[in-house]
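A.B. asks: Here you go, one structure.
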Amino acid sequence: MADYRMNEAELEKVFQDRIDDEQKIEPKDWMPDTYRKNLIRQMSQHAHSEVIGMQPEGNWITRAPSLRRKMILLAKVQDEAGHGLYIYSAAETLGISREEMVQALHDGKAKYASIFNYPSLTWADVGAIGWLVDGAAIVNQITLQRTSYGPYARAMVRVCKEESFHQRQGYESLLVLASGSKEQQQMAQDALNRWWWPSLMMFGPHDAESAHSAQSMKWKIKRKSNDELRQAFVDQTVPQAQYLGLTIPDPKLKWNEERGHYDFGEIDWDEFYRVINGNGLCNRQRIVHHRRAHDNGAWVREAVEAYDEKQKARKQQAA
Ligand code: BYC
């Protein structure tokens, strides 16, 4: 039999056919280098977002207004660390190490979600983050459960279950404030005023401006476009705000009968690009804090390695 090996173009065709046929791509399967790189980019940034995202809410753990709220918040913030770990592990199956990903974050080469560069100023912000930020994340992540890369899709299933609890606890916390005293209602409204627009920015630039969308949709890494997901988030969140008796800070927000969707105002894209390029209110603080936590944890990583070496040596001696 002739030794026939497929060339790059043939391999790519088989790869795309598998994607079109809704098969999952697994770590040991052949994949174009560009697919691998694009996934490493998105997944590492996603993992960084989960971990950096612990900071704004972590800021309130010691000041939670009751033991019950403190327990919920602690569990929620720990869940975010877990999400980071699942996604880092899934990204490692693509041939990049956790150290390399963290280094890229510290060097400013890898991004994380823009929203976490805004400060959490009051207790109401914790509720707003759960309701809006986790709410926006779910809309996006539900579609990522069907992303074409198997380990990423499977990680998302668990993430979405936990995220759904996060969204509900945030909404419930704001519901309590919104039904409370005048001052508490104002706190809830103020939090919505500050977190609304950054939440819409989480979905990324308009489709026409999105550098990676076309290719990511073809590879089914992304299943829905940035604008489609943003619209879905607005449509689901407006009635929730109405139920809370709060006003979304957008004078252009209006139900459009013909489209069957809410129309909404234009995002401040200058602000979006300023924040993703490192010049938001908390960018520097977030990375300084992450570096410090990472450095403080060096002894744990060293201890794990030393233990691992000891175990290996013992096994060798016993063999
Ligand atoms: N912030 O071509 P585009 C959570 C970047 S955390 C920063 O549309 P893509 C939570 C984009 O990376 C979960 N950067 O990109 C945790 C690209 O830059 P590079 C967060 C953004 O990838 C704690 C450039 O702009 N969820 O739930 O096709 C507490 C062009 O954009 C942003 C995820 O990470 C942004 N908002 O689409 C509470 C979801 N938007 O890489 C909650 C996973 C865009 O070329 N990620 N950029 O330098 C995704 O689904 C996609 O990456 C995006 C962007 C939809 C975000």
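A.B. asks: For His83, only one of the following conditions fails: (1) more than 9 Å from the ligand (Cβ to nearest atom); (2) part of a helix (DSSP H, G or I); (3) not β-branched (Val, Ile, Thr). What is its number?
C.D. replies: (1)
A.B. asks: Among the listed residues Lys28, Lys13, identify the single one that is part of a helix (DSSP H, G or I), of a type outside the set (A, V, I, L, M) and more than 30 Å from Gln169 (Cβ to Cβ).
C.D. replies: Lys13
A.B. asks: Also, quick follow-up: Among the residues of segment 106-145, write down those that are within 8 Å of the ligand (Cβ to nearest atom), in contact (Cβ under 8 Å) with a residue 60 or more places away in the chain and over 23 Å from Asn59 (Cα atoms).
C.D. replies: If the condition is that a residue be within 8 Å of the ligand (Cβ to nearest atom), in contact (Cβ under 8 Å) with a residue 60 or more places away in the chain and over 23 Å from Asn59 (Cα atoms), then Ala110, Asn140, Leu144 are the ones that fit.
A.B. asks: Cβ-Cβ under 6 Å, sequence separation 6+ or interchain: first residue in segment 186-209 and at negative phi and of a type outside the set (A, V, I, L, M, F, W, C), partner more than 15 Å from the ligand (Cβ to nearest atom) and in a loop (DSSP other than H, G, I, E, B). Which pairs?
C.D. replies: Gln189/Leu246; Asn193/Pro249
A.B. asks: Right, next: Just name the residue that is surrounded by the fewest Cβ atoms within 10 Å (Cβ to Cβ) out of those in segment 249-292 that are under 20 Å from the mean Cα position of the chain (by Cα) and in a loop (DSSP other than H, G, I, E, B).
C.D. replies: Of everything passing the filter in segment 249-292, Leu281 is surrounded by the fewest Cβ atoms within 10 Å (Cβ to Cβ).
A.B. asks: Can you confirm whether segment 58-71 contains a residue that is more than 10 Å from the ligand (Cβ to nearest atom), within 27 Å of Pro32 (Cα to Cα) and modelled with pLDDT of 95 or more?
C.D. replies: no
A.B. asks: Also, quick follow-up: Considering each of Leu200, Leu246, Leu229 in turn, give the residue that is modelled with pLDDT of 95 or more and assigned to a loop (DSSP other than H, G, I, E, B).
C.D. replies: Exactly one of Leu200, Leu246, Leu229 is modelled with pLDDT of 95 or more and assigned to a loop (DSSP other than H, G, I, E, B), namely Leu246.
A.B. asks: What about Ala2, is it among the aliphatic types (A, V, I, L, M), in a helix (DSSP H, G or I) and either over 30 Å from Glu172 (Cβ atoms) or at pLDDT 95 or above (or both)?
C.D. replies: No; evaluated as a whole, the condition is false for this residue.
A.B. asks: State all residues of segment 146-163 that are within 11 Å of the ligand (Cβ to nearest atom) and either of a type in the set (Asp, Glu) or outside any helix (DSSP H, G or I) (or both); if no residue qualifies, say none.
C.D. replies: Thr147, Glu162, Glu163
The values are calculated or read from the model by the stated rules, or taken from the named source; none is laboratory data. Everything numeric here is computed off the predicted structure, so don't read it as measured data. Every residue, glycine as well, gets a Cβ built from its backbone with ideal geometry; the counts of neighbours run over all protein chains shown.
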